[in-house]
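Accompanying notes for the structure given below.
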Amino acid sequence: MGENPSGFKGDDLPVEMVSWYDAVEYCNQKSIKENLKPYYNIDKDNQDTNNHNENDNIKWTVTINENANGYRLPTEAEWEYAASGGQKSLNYTYSGSNNPDEVAWYWVNAGEKILTGDWSWPAIESNRNQTKKVGTQKANELGIYDMSGNVREWCWDWYSDSESPNPSWRVVKGGGWIGGVNNNEISFRGKFDANGFGPDQGFRIVRGE
């Protein structure tokens, strides 16, 4: 992409400070670089009329090429299936364990020392919390790392529930180094403005054969 927007830079650190739009653009660019058919059609000139988010000033219309073999974001269901260990699943609460400290980087353990008490941004800052090198915690049943904690991961899906039926946010999964332990649970559904970005917001890509 020509640049790394991350607040914490390192060869083994996850990329963060990326919006959902940044993620889908990356998928297409990586596909092109590897001579694969891009999975997304990205129309930057026409706003998506299905996007009801008043904070989103981008609203590109993004559609998919069904038979493309390029890279893409996982659906929420695909993400949960992979995080839970697929057919090898042992039904852990977090991706790879029932103990979050074995598999996840979150506000308690992502700094210089272990924090206690209630979530506190001043405590997180003074503890120098940040993203951690990938693959340094325990893997899950499929050998996948960091699906709980470190950075929240964009999914393809719109977030919707009974209170928010209109598409306004994209789903984020897995929790991040800033968040509470409940965000690390495989079942936890996060949401974020598609044009939003933050120091714990990243992504993971997939590709079909």
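The values are calculated or read from the model by the stated rules, or taken from the named source; none is laboratory data. Worth saying up front: this structure is predicted, and the values here are computed from it rather than measured. Note that each Cβ is placed from the backbone with ideal geometry, even for glycine, and that neighbours are counted across all protein chains shown. Protein only, heavy atoms only, side chains kept; ligands, DNA and RNA dropped before computing areas. Shrake-Rupley method; radii C 1.70, N 1.55, O 1.52, S 1.80 Å.
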State whether one or more residues within the range 34-42 are touching a Ser or Thr at 6+ places or on another chain (Cβ under 7 Å) and closer than 27 Å to residue 135 by Cβ. yes
Selection count where residues are modelled with pLDDT of 95 or more and out of contact with any Pro (no Cβ under 7 Å at 6 or more places or on another chain), scope the range 157-167: 2
Every residue from the range 114-135 that is open to solvent by less than 50 Å² (accessible area, probe 1.4 Å), assigned to a helix (DSSP H, G or I) and without any contact (Cβ under 8 Å) to a residue 40 or more places away in the chain: 123
Against the condition among the small types (Gly, Ala, Ser), under 18 Å from the mean Cα position of the chain (by Cα) and on the phi < 0 side of the Ramachandran plot, how does residue 168 come out, does it pass? yes
When you check residue 82 against the structure, is it loosely packed, with under 13 Cβ neighbours inside 10 Å, aliphatic (A, V, I, L, M) and either in contact (Cβ under 8 Å) with a residue 60 or more places away in the chain or assigned to a helix (DSSP H, G or I) (or both), yes or no? no
Name the pairs whose Cβ atoms lie under 9 Å apart, with the first residue in the range 29-45 and under 13 Å from residue 67 (Cβ atoms) and touching a residue at least 12 places away in the same chain (Cβ under 8 Å), the second open to solvent by 60 Å² or more (accessible area, probe 1.4 Å) and in a helix (DSSP H, G or I), and 6 or more positions between them or separate chains? 38/29; 38/32
Log entry, pairs with first residue in the range 173-191 being free of Cβ contacts under 8 Å to residues at least 12 places away in the same chain, second being open to solvent by less than 40 Å² (accessible area, probe 1.4 Å), beta carbons closer than 9 Å, six or more apart or on different chains, reads 182/175
With the requirement that a residue be touching a residue at least 12 places away in the same chain (Cβ under 8 Å) and more than 28 Å from residue 193 (Cα to Cα), what does the range 136-163 give you? 137, 138, 139, 140, 141, 142
Residue satisfying condition, being among the acidic types (Asp, Glu) and open to solvent by less than 60 Å² (accessible area, probe 1.4 Å), within set 25, 34, 66, 54: 25
